[in-house]
Each structure stands twice: as structure tokens, then as C-alpha cells.
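The values are calculated or read from the model by the stated rules, or taken from the named source; none is laboratory data. These numbers come from a predicted model, not from an experiment. Every residue, glycine as well, gets a Cβ built from its backbone with ideal geometry; the counts of neighbours run over all protein chains shown.
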Amino acid sequence: MFETLSQRLQAIAVRLRGQARISEADLDSALREIRMALLEADVDLAVVRSFMATIREQAIKLDLLSGLRPGDQVIKLVHDQLVEMLGGQRYDLAFSQQPGVLMLVGLQGSGKTTSAAKLGLRLRRDGKRVMLVAADVYRPAAIEQLIHLADQIGLEVHSRPAGTPPVEIATSGLVEARSRSMDVVIIDTAGRLHLDEPMMDELVRIAGAVRPDQTLLVVDAMTGQQAVPVAKAFAAHLPLSALVLSKMDGDARGGAALGIRSASGLPVAYLGTGERPDGLEALHPDRLAQRILGMGDIVSLVERAQDQMDTEAAEQSARAMLESRFSLEDFRSQLTEIKKLGPIGQVMQMIPGAGGLAGAAQAAVDDGELRRIEAIIDSMTPAERRQPSVIGGSRRRRIAAGSGTTVADVNRLLKQFDQMQKLMRQFSKGRGALPVGLGSPPGR
Ligand code: GDP
Ligand code: MG
């Protein structure tokens, strides 16, 4: 997300911070670069103009040039304006009825069906009973797609036989949800490739029949600036609550996402960050601004970890590490846990100072490095994983063949693992107790 923009702003930040004093010319050129970076990321022109005007005005007011650590102050201004640009506060997805009704609208392919499942999963994690309603009757496989996604995460779908009008599906879904004491109903509707009247009419009728608490417009962030007129057109007919920007994981042009709040007047509630049902992030303007500026976002990372990771497995391997019995088995399970946090590039961006490595780390993964390591470990016997020293030449050849890698790959992994174990042994030496938070030592 925002990789290019983020890299450029970070480079500017590093340079400014390195200067004890900045001249007016320095400030001007930094501001010019920030402006270019925003425009190249496809942030709306008018939004960039007012963004830069505010920063310039405040920089003058603060009398930055004579002050201490001017670089930090400029970055702080940029940070605060980014937060402002993103709407200041997190959007609150509130429901006032029982069941609450959430309706998803948007063009075809924007990500409505996927977002329905993602939101369902999120609300269920918040302890709500959720039912999905399949009101897209036009695309042949639309209902199956929703059911397939819902099955993956164990959510129920209300659907009606072919030929049922969408308004009727939506109202019968609401009736069923009410009778079964659901907390939230999520209605997935049909989109078209382009805005058209019949689609809008149908959505207006569905909304009139079910009176949604929340009408979320899903827009594809990869369409860049085109998202703005789309949002305006939908807003002209429907009482939109907020936006979901899907496919933020996709493209450097995600910058449109930064400007869309001011350009459309609608808050951005969620960002879609992947195809899987867990690829959804609530937009916290302050945290996102920090991430863009390379300050990391540990809070979101920890939240992801809490949602996704098997804490028991994590504790077990932490203990094994401290007791110098960390095996390839533990290593394998750690890789699985880390992958659950999402694409590694996204994870790195959340670690303060590690954002610059995001691209390289993601490239290594995309390159198949992680998969190769997993395949190698998977091709070992349990005994070999526990005690890699038994893996001699012929076993190495067998493992390489079994995992579709080369003996050199296997050698490299074993060597790296051996170094890792040595490090852990040094670390755990002279350290009796576990660090706070890793649980009590095993009573075995
Ligand atoms: P709909 O026509 O609006 O219901 O769109 P879908 O939910 O069917 O999504 C269209 C395509 O975009 C599907 O292939 C999805 O897997 C994909 N998609 C949706 N959201 C995201 C996202 O946040 N990231 C990525 N990479 N793909 C997404
Ligand atoms: Mg759909």
C-alpha cells in the first residue's frame, strides 16, 4: 500500500531530519517534492493544492526556519495534514436496528461480494451474529461465489431460487435474520460495468425496502481518479454512509484513496488489502499516516497478530527458542504464523523503520523463497526436522528431489538454521526466566 509515495516521503523526511537548519529554499524544494510525490501517487489535484497550501501556511506560522529540528516539524505538519486528508477520525460502523442492515453497492468487479464476506468475518470476530444476503441475481455465479466465500469462514447465506426479484431477496433475508435473532445482515447487491439507471433504480428500491443503517460504496482503488465520479454518482441516488476502498494491495496508484475523502465528501471506512476474507483493514487515519511516513504501525500489526495468530503455537516456539530446543518443526510453524499476518510487504510497512525493506521482502516471497523453504522442511521426516544433524549427503539429495529444489538450496537452509540455533543458544545462555508475556515456564 502506498509503497512509492511512502518511499518518496520517507526519503524527504530523512533528508530534512539530517539538517540542523533549513533555509527557505530547502523548505520550498522539500514542499515541491512532497507535492510531486502526492501527484504521482494519483492524489486528486485540488486536494494536493489545498494540502500544500495548509502546510506552507503553517510552516510560516510556526516560524520553522528559525526553530529547532525543523525537519521533524515539517514531517509533523505533513503527518497531521495526511490525517486530516484521511478524515481525521476512524469511521464508526454503527447500527441502530436489530438486526442492523448493511448494504454494499458499487460497480461490477469493484469487490462487493468479497467485501461482504470480509465485513461478515470482522463483525463476527466482534461477537456479532451475521447473515449474508445474496441479492445479485444477474451474474450467473454470483450467489455461488458468496456462498463459497461464506463457507470458508463459516457464515450463513440467505439466497432465493433463480428468478426471485432482488428486492424480494433482500426483504426475505431481513425477515429470516430477524426470526433467527441475527445481529447484522449484509446485503450483497449487483453492479454493472458502468453506471446506469436500471441498476441505480433497483438499488434505490432495495434500500427503500430494507432501510440500511449502513450503505457502503465499494470502489476499486486501482481505478484511481475514476473512483471520484463513481462515488458522486452513487451518492446522488443513495444515502451513502462511507466507502470501502478495495484492492489497496494492488497498485502504486492507491493515492487516489488519499484524496477521495475530500473529493467525494465520504469517509473511507475500510481498505481491502487482499482477496482473502481476512484482507480488510479499518482505516485509522493516524495509523495510516504514520505508516505512509515510515513511522510504522505497531498497533495495527499487534491487532492483526491477535486476530490471526495461534498464540499457543507462538508461545510454544518462543519457549523452545529459549530452551535451545528450537527445531525445524518450530521454524516451520513460525513461518505459517507469520504468513497469516498477510503479505510480508504489508507487515514490514507496519514495523517502524522497516518500511524500506518492504519491497525487497515481498520480492523474496513472490520469488518463491518462502515456499521453497517450506517445501524443503515438508520433505523431511519428523526425526530429521527435530535433529537436522542426521541429514547427510544422500538425505539431502532425497529432500531436494522431494521438494523440487536443489541440494544447494537444502544446504543453504540447513546452514542458516544452524546459525540461527547458535544465536539462540547464545541468547538463552545465562537467562533463566522467560521474558514477561511469554507465559510461564513449562511444568514438564
Ligand atoms: P463484485 O463484482 O463487486 O462483487 O466484486 P468481487 O467481490 O467479485 O471482486 C472482483 C475481483 O476482485 C475478485 O477476483 C476478487 O477476488 C478481487 N478483489 C476484491 N477485493 C480485493 C482486494 O482488496 N484485493 C485484491 N487483490 N483483490 C480483490
Ligand atoms: Mg458480486
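Brief remarks on what is shown
- Residues located in the range 137-153, provided they are touching a residue at least 12 places away in the same chain (Cβ under 8 Å) and either within 12 Å of ligand 1 (Cβ to nearest atom) or under 25 Å from the mean Cα position of the chain (by Cα) (or both): Y138, R139, A142, I143, Q145, L146, I147, L149, A150, Q152, I153
- The combined condition, being among the polar types (S, T, N, Q) and within 28 Å of the chain's Cα centre (by Cα), is fulfilled by Q10.
- Residues of the range 258-286 that are more than 16 Å from ligand 2 (Cβ to nearest atom), farther than 13 Å from Q346 by Cβ and either free of Cβ contacts under 8 Å to residues at least 60 places away in the same chain or within 11 Å of the chain's Cα centre (by Cα) (or both): S264, G265, L266, Y270, A282, L283.
- Looking only at residues in the range 103-113 that are on the phi < 0 side of the Ramachandran plot and in contact with a helix residue (DSSP H, G or I) (Cβ under 7 Å, 6 or more places away or on another chain), the one that is nearest to ligand 2 (Cβ to nearest atom) is T113.
- Of all residues in the range 85-107, none satisfies the criterion of being within 13 Å of ligand 1 (Cβ to nearest atom) and under 17 Å from the mean Cα position of the chain (by Cα).
- Qualifying residue in the range 220-229 (condition: among the aliphatic types (A, V, I, L, M), farther than 28 Å from M1 by Cβ, in contact (Cβ under 8 Å) with a residue 12 or more places away in the chain and touching a helix residue (DSSP H, G or I) at 6+ places or on another chain (Cβ under 9 Å)): no
- Among the residues making up the range 196-206, those that are in contact with a helix residue (DSSP H, G or I) (Cβ under 9 Å, 6 or more places away or on another chain) and more than 16 Å from ligand 2 (Cβ to nearest atom) are M200, D201, V204, R205.
- Among the criteria (1) within 16 Å of ligand 1 (Cβ to nearest atom); (2) surrounded by fewer than 21 Cβ atoms within 10 Å (Cβ to Cβ), the one S110 does not fulfil is (2).
- Yes/no for E168 being within 25 Å of I260 (Cα to Cα), more than 16 Å from ligand 1 (Cβ to nearest atom) and acidic (D, E): no
- Picking from residues in the range 120-141 that are out of contact with any Pro (no Cβ under 6 Å at 6 or more places or on another chain) and among the aliphatic types (A, V, I, L, M), the one that is modelled with the lowest pLDDT is A141.
- Identity of the residue in the range 63-84, in a loop (DSSP other than H, G, I, E, B) and of a type in the set (D, E, K, R), that ends up nearest to the chain's Cα centre (by Cα): R69
- Taken over the range 114-164, residues that are assigned to a helix (DSSP H, G or I), of a type in the set (V, I, T) and more than 13 Å from ligand 2 (Cβ to nearest atom) amount to 1.
- Residue within the range 80-97 that is within 16 Å of ligand 2 (Cβ to nearest atom) and crowded, with 20+ Cβ neighbours inside 10 Å present: no
Results for (1) surrounded by 13 or more Cβ atoms within 10 Å (Cβ to Cβ); (2) under 20 Å from S264 (Cα atoms); (3) of a type outside the set (K, R), shown as yes or no for each residue.
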{"residue": "Q10", "(1), (2), (3)": "yes, no, yes"}
{"residue": "R15", "(1), (2), (3)": "yes, no, no"}
{"residue": "Q19", "(1), (2), (3)": "yes, no, yes"}
{"residue": "E24", "(1), (2), (3)": "no, no, yes"}
{"residue": "L27", "(1), (2), (3)": "yes, no, yes"}
{"residue": "I34", "(1), (2), (3)": "yes, no, yes"}
{"residue": "A37", "(1), (2), (3)": "yes, no, yes"}
{"residue": "D44", "(1), (2), (3)": "yes, yes, yes"}
{"residue": "S50", "(1), (2), (3)": "yes, yes, yes"}
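- Residue within the range 14-31 that is within 18 Å of D286 (Cα to Cα) and in contact with a helix residue (DSSP H, G or I) (Cβ under 6 Å, 6 or more places away or on another chain) present: no
- Checked across the range 375-392, the condition of being among the acidic types (D, E), under 25 Å from D418 (Cα atoms) and at pLDDT 75 or above holds for at least one residue.
- Residue check, L238 crowded, with 20+ Cβ neighbours inside 10 Å and either under 24 Å from A37 (Cα atoms) or more than 16 Å from ligand 2 (Cβ to nearest atom) (or both): no
- Residues of the range 167-202 satisfying the condition of being part of a helix (DSSP H, G or I) and in contact (Cβ under 8 Å) with a residue 12 or more places away in the chain: V167, I169, A170, T171, S172, G173, L174, E176, A177, R178, M200, E202
- Some residue of the range 173-187 being in contact with a His (Cβ under 9 Å, 6 or more places away or on another chain), under 28 Å from R304 (Cβ atoms) and away from ligand 2 (no atom under 16 Å from the Cβ): yes
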